[in-house]
Amino acid sequence: LTQYVSIVYNERLAEHKIAASTGTVGDSYDNALAENVNGSYKNELIHTRRWDDVVAVEIATFEWVTWWNESRLHQGLGYRTPAEVESEFSKNNPGQEIIEIKANT
């Protein structure tokens, strides 16, 4: 299944003339961003308290992700939020939108 999803993913990128932003298998670039976000999530939320149940973790995770995207200033984005950057892109590039790639065609 993983190989199939990878093939479909790459086909969709090619259809839309998008260059993949991930590295090749085994290099340090393929998971760096995800690992960075995951590490921040764990350090800033998960490891800061004891959790009563999984529902509490799910609710806190939803709130943290919302904060990360809509309120937290990111150095790599010029101290703006991801939501601000996306909004600016949409404003400056009418007709272009973020493409969602789905495995089921």
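The values are calculated or read from the model by the stated rules, or taken from the named source; none is laboratory data. All of these numbers come straight from a predicted model, not from anything done at the bench. For neighbour counting, all protein chains shown are included, and Cβ atoms are generated from backbone atoms with ideal geometry for every residue, glycine included.
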| Among (1) modelled with pLDDT of 80 or more; (2) more than 15 Å from the chain's Cα centre (by Cα); (3) closer than 26 Å to ALA83 by Cβ, the one test that ALA19 misses | (1)
| said: With the requirement that a residue be in contact (Cβ under 8 Å) with a residue 12 or more places away in the chain and more than 15 Å from the chain's Cα centre (by Cα), what does segment 51-89 give you? | reply: ALA60
| task | Determine whether GLN75 is at pLDDT below 75 and out of contact with any Pro (no Cβ under 9 Å at 6 or more places or on another chain). | result | no
| query | Among (1) of a type in the set (D, E, K, R); (2) touching a helix residue (DSSP H, G or I) at 6+ places or on another chain (Cβ under 9 Å); (3) modelled with pLDDT under 90, where does ASP30 come up short? | reply | (2)
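Based on this model, can you work out whether THR61 counts as surrounded by fewer than 10 Cβ atoms within 10 Å (Cβ to Cβ) and hydroxyl-bearing (Ser, Thr, Tyr)?
Details: surrounded by fewer than 10 Cβ atoms within 10 Å (Cβ to Cβ): no; hydroxyl-bearing (Ser, Thr, Tyr): yes.
So THR61 fails the test.
Per-residue answers, yes or no, for (1) of a type in the set (Phe, Trp, Tyr); (2) modelled with pLDDT under 90; (3) out of contact with any strand residue (DSSP E or B) (no Cβ under 8 Å at 6 or more places or on another chain); (4) surrounded by 11 or more Cβ atoms within 10 Å (Cβ to Cβ):
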site	(1), (2), (3), (4)
VAL5	no, yes, yes, yes
LEU13	no, yes, yes, yes
GLY23	no, yes, yes, yes
LEU45	no, no, yes, yes
ASP52	no, no, yes, no
VAL57	no, no, yes, yes
TRP67	yes, no, yes, yes
GLU70	no, no, yes, yes
